[in-house]
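Trainee: Dropping the structure in here first, questions after.
The values are calculated or read from the model by the stated rules, or taken from the named source; none is laboratory data. Nothing here was measured: the structure is a model prediction, and the numbers come from that model. Glycine gets a Cβ as well: all are built from the backbone with ideal geometry, and neighbour counts include every protein chain shown. Side chains are part of the model used for accessible areas, which takes the heavy atoms of the whole protein and leaves out ligands, DNA and RNA. Shrake-Rupley method; radii C 1.70, N 1.55, O 1.52, S 1.80 Å.
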Amino acid sequence: MHTYKSDAVVIGGGLAGICAALELLDAGRSVTLLDRDSEDNFGGLAKESFGGIFVVGSREQKRAGFEDSPRRAYADWCAFAEFDADDHWPRRWAEAYTGRCHDEVYLWLKASGIDFFPVPHWVERGLHTPGNSVPRFHIVWGTGRELAVQLVKRLRNHPNAAKLTVHFGHRVEDFTRLMGEISGCCGSLEESGEPFEAFGEAILVAAGGINGSLERVRQHWHADWRTPPQTILNGSHRFADGTLHDAVGKAGGRITHLDRMWDYAAGVRHWQPRKPNHGLSLVPPRTALWVDWRGRRFMPPLVTGFDTRDLVTQVCATERQYSWQILNRKIALKELAVSGAEFNPSVRDKKKLAFLRDLLFGNRWLVDQLTTHCEDVVVAGTLPALVAKMNALQGDQGDAGVDLEVLAEALSKYDAQVARGPGRAEDEQLQRIAHLRQWKGDRIRTCKSQRILDDRALPLIAIREFIISRKSLGGIQTDLSSRVLDAAGNPIPRLYAAGEATGFGGGGSHGLRALEGTFLGCCVLTGRIAGQSIAGSSL
Ligand SMILES: Cc1cc2nc3c(=O)[nH]c(=O)nc-3n(C[C@H](O)[C@H](O)[C@H](O)COP(=O)(O)OP(=O)(O)OC[C@H]3O[C@@H](n4cnc5c(N)ncnc54)[C@H](O)[C@@H]3O)c2cc1C
């Protein structure tokens, strides 16, 4: 039996756990940090992430001419979230985040050596419910990898680093108890299976969400999305399997809103998978035609940038619960993107010239990677050849799957609308694109008037897109001190939780929908608050 002892035990070396550990070291407390994963992956999902962070009232917003305020951000957040009447703690966390993110996330990260892009992105503007009324998605220069690397460096070089012990390959399974109270946690070593125990005055669960377990995702599938699709890709952490949610539940902690998830509609299979069903989440090209498995255009048309949850809902309402996007190489070069650090090397590696080249002339490397390696992408010089390949991929004979005539008609109608020129189209997709292009951050990444069946823009490309599981919007209920609450709303002595494990605060601070960038941001805030409140408690 391996035994560890310190003031606090942090379970999970993702962003939330790291931020909590930093606060604990700042306060001079000793910390044992336990993680199932290997040291290479210290930083958790943040290290793989794109690094977009929701900030209110930043210098970048002001420079772009946007006045923002916590009040305005909270109003947008609540409108998008559609909280339930009894969502007390989720609302309180939403209010705390919108009010505190400028100083306690943005300025704090800047002080840790993190820089942001000069132009914030304007995502999740809202469709049937209002969303972001101003751009708030601030991208870390260097992506989430830089975020993780800098914070791990800060942890390792901390003046109190001697008080920190980090153990990788440690799978925590449950809590230990002494005289009826939680006294630590226990589990087994990944490689040898040997048991361990870690004791502390406070135990923090920062082990991520449940969306890395497709069984759990299916089990908690939201009623709005019918039944779970036959194929769901995994875009979360391979260890985000809810083991600690179960342990917290067993210890009397309240787990809420597990059916609330932030999944995406445009997942494709990774060709070098690092986990079963490993998926990549595409930023779906706006100029592409989005159709179902029969080649029928979604109506009203699907366009990204307004309401991610609605895209998932619409795709899940179809018979096969996956979709296709039809585009050409020119559109792909300008608009195709993959979320995360892995497929954004110029930003990740801070190569300014390469970044500008991709922006101005298109990301040839990415398009070539996807068209060459991804099994869900087919390419052809003509529409009949493209449809034949789509049907071969679907396993349908002839036009039993994608109907060539139906798709050809939808494309020519759309192209005819494009040909009318900007501002004259009656097509809703083109009207929405025109609206998005008013913001320079979107203008530069969205085609102006690009037909799909355009001989000068060939070859044609079709991308089959599955639902991809990503973030847990529900989880362990916590109060504003990150203390875990029981069914009666009372804190469980010594037990704390932070990050995605808590549905990003309070068991569901996003309600039904997230304004984006709020995940990383809430991990920083909930982690820091957890560390501060543990340090401030009577250890
Ligand atoms: C590709 C991608 C792009 C993203 N882009 C963005 C973005 O631009 N903006 C944004 O806001 N969010 C983004 N996210 C989401 C964001 O990265 C995560 O929500 C966030 O990093 C979660 O942090 P966490 O610390 O709560 O959990 P995790 O990062 O999941 O860390 C949990 C840690 O706990 C460990 N663990 C799990 N179970 C156990 C156990 N039983 N015992 C011991 N250890 C355990 C894991 O190994 C892991 O290291 C993205 C995610 C991905 C995958």
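Trainee: Has segment 447-459 got any residue that is without any contact (Cβ under 8 Å) to a residue 40 or more places away in the chain, open to solvent by less than 50 Å² (accessible area, probe 1.4 Å) and acidic (Asp, Glu)?
Mentor: Checked against the condition, which is being without any contact (Cβ under 8 Å) to a residue 40 or more places away in the chain, open to solvent by less than 50 Å² (accessible area, probe 1.4 Å) and acidic (Asp, Glu), segment 447-459 yields no hits at all.
Trainee: Okay, moving on. Run residue 52 past the list (1) within 11 Å of the ligand (Cβ to nearest atom); (2) under 24 Å from residue 185 (Cβ atoms) and report the number of the one that doesn't hold.
Mentor: Exception for residue 52: condition (2).
Here is a yes/no grid of residues against (1) touching a strand residue (DSSP E or B) at 6+ places or on another chain (Cβ under 6 Å); (2) open to solvent by 60 Å² or more (accessible area, probe 1.4 Å):
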| site | (1), (2) |
| --- | --- |
| 415 | no, no |
| 420 | no, yes |
| 427 | no, no |
| 431 | no, yes |
| 437 | no, no |
| 466 | yes, no |
| 488 | no, yes |
| 494 | yes, yes |
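Trainee: Given (1) open to solvent by 30 Å² or more (accessible area, probe 1.4 Å); (2) within 19 Å of residue 32 (Cβ to Cβ), identify the lone condition not met by residue 185.
Mentor: (1)
Trainee: Working carefully through the options 529, 492, find the one that is in a strand (DSSP E or B) and either among the β-branched types (Val, Ile, Thr) or near the ligand (Cβ under 10 Å from one of its atoms) (or both).
Mentor: 492
Trainee: Hey, does segment 156-171 have a residue that's within 21 Å of the chain's Cα centre (by Cα) and open to solvent by less than 30 Å² (accessible area, probe 1.4 Å)?
Mentor: no
Trainee: If I ask for residues that are in contact (Cβ under 8 Å) with a residue 40 or more places away in the chain and either surrounded by fewer than 16 Cβ atoms within 10 Å (Cβ to Cβ) or in a loop (DSSP other than H, G, I, E, B) (or both), which ones from segment 402-413 would you list?
Mentor: Within segment 402-413, 402, 403, 412 meet the criteria.
Trainee: Moving on. Which residue pairs have Cβ atoms under 7 Å apart, sit 6 or more places apart or on different chains, and have a first residue in segment 43-70 that is closer than 16 Å to residue 525 by Cβ and without any contact (Cβ under 8 Å) to a residue 60 or more places away in the chain and a second that is more than 6 Å from the ligand (Cβ to nearest atom) and assigned to a loop (DSSP other than H, G, I, E, B)?
Mentor: Once the first residue is closer than 16 Å to residue 525 by Cβ and without any contact (Cβ under 8 Å) to a residue 60 or more places away in the chain and sits in segment 43-70, its partners that are more than 6 Å from the ligand (Cβ to nearest atom) and assigned to a loop (DSSP other than H, G, I, E, B) give 57/68; 57/69; 70/56.
Trainee: Is it the case, given these coordinates, that residue 205 is in contact with a His (Cβ under 9 Å, 6 or more places away or on another chain), within 16 Å of the ligand (Cβ to nearest atom) and modelled with pLDDT of 95 or more?
Mentor: yes
Trainee: Tell me which residues, restricted to segment 108-131, are in contact with a strand residue (DSSP E or B) (Cβ under 7 Å, 6 or more places away or on another chain), assigned to a loop (DSSP other than H, G, I, E, B) and either under 11 Å from residue 54 (Cβ atoms) or of a type in the set (A, V, I, L, M) (or both).
Mentor: If the condition is that a residue be in contact with a strand residue (DSSP E or B) (Cβ under 7 Å, 6 or more places away or on another chain), assigned to a loop (DSSP other than H, G, I, E, B) and either under 11 Å from residue 54 (Cβ atoms) or of a type in the set (A, V, I, L, M) (or both), then 114, 120, 123 are the ones that fit.
Residues checked against (1) within 30 Å of residue 128 (Cα to Cα); (2) open to solvent by 60 Å² or more (accessible area, probe 1.4 Å); (3) more than 16 Å from the ligand (Cβ to nearest atom):
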residue: 5; (1), (2), (3): no, yes, yes
residue: 13; (1), (2), (3): no, no, no
residue: 58; (1), (2), (3): yes, no, no
residue: 62; (1), (2), (3): yes, yes, yes
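Trainee: For segment 271-287, give me the residue count where each residue is within 15 Å of the ligand (Cβ to nearest atom) and either in a strand (DSSP E or B) or open to solvent by less than 10 Å² (accessible area, probe 1.4 Å) (or both).
Mentor: Matching residues across segment 271-287 total 6.
Trainee: Additional query: Of the residues 152, 105, 134, which is open to solvent by less than 40 Å² (accessible area, probe 1.4 Å), more than 20 Å from residue 341 (Cα to Cα) and part of a helix (DSSP H, G or I)?
Mentor: Answer to the selection: 105.
Trainee: Is it the case, given these coordinates, that residue 290 is aromatic (Phe, Trp, Tyr), away from the ligand (no atom under 11 Å from the Cβ), surrounded by 21 or more Cβ atoms within 10 Å (Cβ to Cβ) and within 30 Å of residue 460 (Cβ to Cβ)?
Mentor: Yes; evaluated as a whole, the condition is true for this residue.
Trainee: With 16, 21 as the choices, which residue is in a helix (DSSP H, G or I) and closer than 20 Å to residue 196 by Cβ?
Mentor: Being in a helix (DSSP H, G or I) and closer than 20 Å to residue 196 by Cβ holds for just one of 16, 21, which is 21.
Trainee: Taking residue 181 and the conditions (1) of a type in the set (Asp, Glu); (2) away from the ligand (no atom under 15 Å from the Cβ); (3) within 16 Å of the chain's Cα centre (by Cα), which numbered condition does it fall short on, given that it satisfies the others?
Mentor: (3)
Trainee: Turning to a different aspect of this structure: Tally up the residues in segment 23-50 that are more than 19 Å from residue 12 (Cα to Cα) and crowded, with 24+ Cβ neighbours inside 10 Å, please.
Mentor: Final tally of qualifying residues: 1.
Trainee: Of all residues in segment 353-369 being over 14 Å from residue 334 (Cα atoms) and not polar (S, T, N, Q), which is least open to solvent (accessible area, probe 1.4 Å)?
Mentor: 354
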